[in-house]
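The values are calculated or read from the model by the stated rules, or taken from the named source; none is laboratory data. Not measured: the values here are computed from a predicted model. FYI the Cβ positions are ideal-geometry reconstructions off the backbone, even for glycines, and counts take in every protein chain you see. Surface areas here come from the heavy atoms of the whole protein model, side chains and all, with no ligands, DNA or RNA. Shrake-Rupley method; radii C 1.70, N 1.55, O 1.52, S 1.80 Å.
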Amino acid sequence: MAVPRLSVVIPMYNEEAVLPLLVSRLRPVLDGLGRTYEVVAVDDGSRDATAAMVTLMRAKWPELRLVRLRRNSGHQAALTAGLHRSRGDHVVTIDADLQDPPEVIAEMLGLAEAQHLDIVYGVRGDRASDTLFKRATADLYYRLMRRIVGNRMPPGAGDFRLLSRAMVDALRQLPEQAPVYRLLVPWLGFPSGQVVYTREKRAAGVSKYPLAKMINLTVDSVISFTAAPLRLGIWLGAIGALACAIAAVKVLVAYFQGAVVPGWTSLSLVVLFLGASQLICLGLLGEYVGRIYHGIQARPGYFVGEDSLTEAGPEPDFPDEPVRPRRPDARLRRPG
Ligand code: UDP
Ligand code: MG
């Protein structure tokens, strides 16, 4: 198959309920663009019929391609697999649940081509369909992230965006273990534009982002971009030292006045405060040491079990490995 001009990467985790709706809405949009395209459906180790359904749909939609990960590796890792294997001059990443309207893709592509942009962010103008909790946590997340990466990150830009081939290649060269694309993409500093859209309700199925995954994404986001939290220890230590100096004066005065009161309350407070701040700092150190450890282990973030395009795929999965002559690799093949 000739190299398509547009790739649409869709991470999917247990999305059998929404798949038929997605295909019926996405296909007319892509067919109407008047250019060659591929849809890279990345099955992130789903336990339902997602992969089987994509395989069936491929019979009627040859542009649909299945990249199947061996185990659930998370949204960002699924995006990585899709980006690394996409071939188009432009690559759009979009959620499977139709919260991001596929019709916006045409607008993104038009803007990128008219203004020679490497990035077009999909920016959520109206999030009324999200729950209050989701909106509040998302708001907090974007405020924090904009403090860290700076104003290049548009507030409300998620993982619905268009990237140029140059941008995708730049992302591939980064040796990140846990890439957080909504931060990495603005950080690279390529020319960008935005398309505002209304965030719709999930068309079917339930959210695959429980609170634990949201917290993980936030921790990954912060730690992959700044070492500032490590300074918390210094600040807590400084506050502790100040409090200690004031207490020392009080204690000495009391001692010389001969009024030594057994200060159980103050003593417990001091011990609790210092114990808690030490544990916080230790935990923070642990997060960074853990990242360093993972970095040294250098395990890939995902394993591709199957790619419907070719057996080994057009590109190696580990960008920093030298490109070897292609040969069947037992590790990457599905058994049987
Ligand atoms: N997803 C994934 N792997 C995961 C979790 C989610 O590939 O471990 C995909 C999911 O199928 C969807 C996208 O990531 O296409 C966004 O997930 P979801 O819509 O559940 O998140 P929410 O919109 O609730 O934040
Ligand atoms: Mg969603």
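Across region 258-298, what is the total count of residues that are assigned to a helix (DSSP H, G or I), of a type in the set (Gly, Ala, Ser) and over 29 Å from Ala243 (Cα atoms)? I'd like the intermediate steps shown before the answer.
Going through region 258-298, the residues assigned to a helix (DSSP H, G or I) turn out to be 264-297.
Filter again for of a type in the set (Gly, Ala, Ser), leaving 266, 268, 275-277, 283, 286, 290, 295.
Filter once more, keeping what is over 29 Å from Ala243 (Cα atoms): 290, 295.
Total satisfying the criteria: 2.
Looking at Val185, Val206, Val222, Val195, can you tell me which residue is in the same structural domain as Tyr142 (by TED's automatic domain parsing) and within 16 Å of ligand 2 (Cβ to nearest atom)? It would help to see each step written out before you state the result.
Working: Val185 fails: within 16 Å of ligand 2 (Cβ to nearest atom); Val222 fails: within 16 Å of ligand 2 (Cβ to nearest atom); Val195 fails: within 16 Å of ligand 2 (Cβ to nearest atom).
Unique residue meeting the criteria: Val206.
When both residues are 6+ apart or on different chains and their Cβ atoms are under 7 Å apart, which pairs have a first residue that lies in region 99-123 and is under 19 Å from Arg35 (Cα atoms), and a second that is away from ligand 1 (no atom under 16 Å from the Cβ) and aromatic (Phe, Trp, Tyr)?
Close Cβ pairs (under 7 Å, with a partner that is away from ligand 1 (no atom under 16 Å from the Cβ) and aromatic (Phe, Trp, Tyr)) amount to Asp118/Phe190.
May I ask you to say which residue of Val54, Val3, Val18 is of a type outside the set (D, E, K, R) and within 11 Å of ligand 1 (Cβ to nearest atom)? Let's see the steps before the verdict.
Details: Val54 fails: within 11 Å of ligand 1 (Cβ to nearest atom); Val3 fails: within 11 Å of ligand 1 (Cβ to nearest atom).
Every option except Val18 fails the conditions.
Kindly provide the set of residues from region 75-95 that are basic (Lys, Arg) and under 16 Å from Met12 (Cα atoms), ordered by number. Spell out the reasoning first.
Restricting attention to region 75-95, the residues satisfying the condition of being basic (Lys, Arg) are 85, 87.
Listed by number, the list holds a single entry, Arg85.
Taking Met214, is it surrounded by 14 or more Cβ atoms within 10 Å (Cβ to Cβ) and either more than 16 Å from ligand 2 (Cβ to nearest atom) or assigned to a strand (DSSP E or B) (or both)? Steps first, please.
Working: surrounded by 14 or more Cβ atoms within 10 Å (Cβ to Cβ): yes; either more than 16 Å from ligand 2 (Cβ to nearest atom) or assigned to a strand (DSSP E or B) (or both): no.
Judged against the criteria, Met214 is not a match.
From the residues in region 73-96 that are within 16 Å of ligand 2 (Cβ to nearest atom), in a loop (DSSP other than H, G, I, E, B) and open to solvent by 10 Å² or more (accessible area, probe 1.4 Å), which one is nearest to Asp159 (Cα to Cα)?
Here the answer is Asp95.
Read through the list (1) more than 26 Å from Arg199 (Cα to Cα); (2) in a loop (DSSP other than H, G, I, E, B); (3) within 12 Å of ligand 1 (Cβ to nearest atom); (4) not basic (Lys, Arg), then give the number of the only condition that Val67 fails.
(2)
Taking Arg326 and the conditions (1) open to solvent by 70 Å² or more (accessible area, probe 1.4 Å); (2) closer than 23 Å to Leu69 by Cα; (3) modelled with pLDDT of 90 or more, which numbered condition does it fall short on, given that it satisfies the others?
Unmet condition: (3).
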